[in-house]
Structures are given as structure tokens and as C-alpha cells.
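So the structure is just underneath, and the comments pick up after that.
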Amino acid sequence: MEELKSFSKYILQIGYKYGLHSVFEDFLEVVVCSLSLGTKEDRYHEIVRKYEKPDAYLMAEAFGALVLEMDNEGQGLKDCFGDFYMEYLSHGHNGQFFTPEHICELMARMLNPTGFGERVADCCCGSGRMLLAAAKISRDSLFFGADIERTCAMMCLINLCLNGLLGEVCWMDKLLNRFYAGWRIELHPAHRVPYIREITESESYVVLRLPEKKEEIITKQVPIGGVSQQLLFEF
């Protein structure tokens, strides 16, 4: 039996045939569809039909390898996307160099999110490293991410959902407050496991609104008991 490859090796193998950028985008969307618990089945099959059967199986193998790597020997909260994205896809394009994980952990300790329902947000979330670092301190927080790159937003979304972290991720221009797409990670009403649900702009907590409107939106999601905190960067 062939030894299980790393997630990145599977993606690179498929990418040689179909183009790495499109394969990685399709892989992310297939994973999001899978984590939507049947609500995105048509889109899932639409993407998979683009690939020959052996290559579609390789994509499934890549998902399995990703889950094993993210398990991180039972510790979880490991970003398997960030380094792959920087090395093979972005090449530093538009300054896309993600914050090293040990720096993220230092900043998270300074923020120290410890309360149930406390909100932690990153308005340029990349692959979600800062939010994962905050989750190492408190998994009971609610996590909110936004990024102008769709690929980054989806990497963050998958990282949060596979680690059982509840919250919201938006593909949007946060500076101009322009919303393109958004997803909520919440507990499935029947199965009680985290799943991904696509949301509209009117449902989003990340989009700028009057404070009282934000409270109305968040109250409908899950009970809260803490004060909102954000991971902010000053230049």
C-alpha cells in the first residue's frame, strides 16, 4: 500500500496536469462544499466533473492528508495552507507574506482572549493564522476573519471549521466595506457539529454597521458573554 503523501504533494501532482492555481482554488471550494453538509452538493459535482476520475480521487486523498496534518498529533490548530500558498502560489505578490506562526502566538498571548463568547477578529486574515493562535488560548471565543483575496478567505474558513471553531469569514474589501461573499461556521441544528453556511451581506457581522445592528446579528448566532476584541495592526 502506497504511503500517504502530504497534502501539498497531492496538490502539486494534480497541478502539473491542470494548472496549480486552478487546482488549489478548486480544492478549497470542494472542501468548503464538503463541510457544508449537503447544501452545496451540486457545486461539488460541478467542480469534480472537470477532472478525470483518477485525479478526482487524488483530490480526495489530498483532503484526507490535510485532515491528518491538521490534527497535529491531537493538538490541532495547525495552518497547513499558509506556507504552501506563499511558496507555490503568491510568491509574495502584493506583499502577501503571512505573519510567522510564533509571532501570531505572541500577539495572541498579548490579547489574551479568555472569556466565553468573546469575539476575536482579523480584518486581513490571510490563511487564519492569527485566529488559530487565539484559539490556542481560548477555543470558546467567536472568530471573525475577512480578506480581499477569495483564496485567503477560503483557507481561513477551512482552517476554522476543521478545528471546530465557530464564527464568520468574509471575502471583502474591508477598507471600502465592500462585501463579495461570506460564510458562517455554526453548529448544525440536527447533527450538532460545526458546518459551513453561506451568508448574505445583510447577515454578516463583519460588514460595518451601526453597533446596535451588529449586536442584533450576533445575538441571533450564539449566546455571548464577553466584550469584542480585535487583532489590530498599526503602521
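The values are calculated or read from the model by the stated rules, or taken from the named source; none is laboratory data. The model shown is predicted, which means the values in this text are computed figures rather than measured ones. Note: ideal-geometry Cβ built from the backbone for every residue, glycine included; neighbour counts use all protein chains shown. We work out accessible area using only protein heavy atoms, side chains counted, and drop any ligands, DNA or RNA first. Shrake-Rupley method; radii C 1.70, N 1.55, O 1.52, S 1.80 Å.
Each label was represented as a point 7 Å from its Cα along the Cα-to-Cβ direction; for residue 180 and residue 53 these points are 3.6 nm apart. Residues whose amide H comes within less than 5 Å of that of residue 182, counting only those at least five positions distant or on another chain, are 171, 199 (H built at 1.01 Å from N in the peptide plane). Under a no-solvent Debye model with one identical scatterer per Cα of segment 7-89, what's log10 I(q)/I(0) at q = 0.15, 0.26 Å⁻¹? Scattering profile of segment 7-89, log10 relative to I(0): -0.54, -1.37. With the alpha-carbon atoms of segment 76-139 aligned to their principal axes, the span from lowest to highest coordinate is 38, 23, 18 Å, starting with the largest.
Over segment 94-203, the hull volume per residue, using the convex hull of the C-alpha atoms, is 102 Å³. Here the Kirkwood formula, the inverse mean of 1/r across different C-alpha pairs, assigns segment 34-163 a hydrodynamic radius of 16.0 Å. Looking at segment 144-199, the pairs of alpha carbons with a distance over 16 Å make up 37% of the total. Accessible surface calculations at 1.4 Å, restricted to protein heavy atoms, place segment 122-202 at 36 Å² per residue. For segment 33-80, the spherically averaged projection of the C-alpha convex hull amounts to 4.0 nm².
Shown are 98, 27, whose ranking by accessible area with a 1.4 Å probe and every protein chain present, most to least, is 98, 27.
Over segment 94-203, what percent of the accessible surface lies on carbon and sulfur atoms, probe 1.4 Å?
56 percent
Dipole check for segment 94-203: with +1 at the C-beta of Lys and Arg, -1 at the C-beta of Asp and Glu, and the Cα centre as origin, the magnitude is about 180 Debye.
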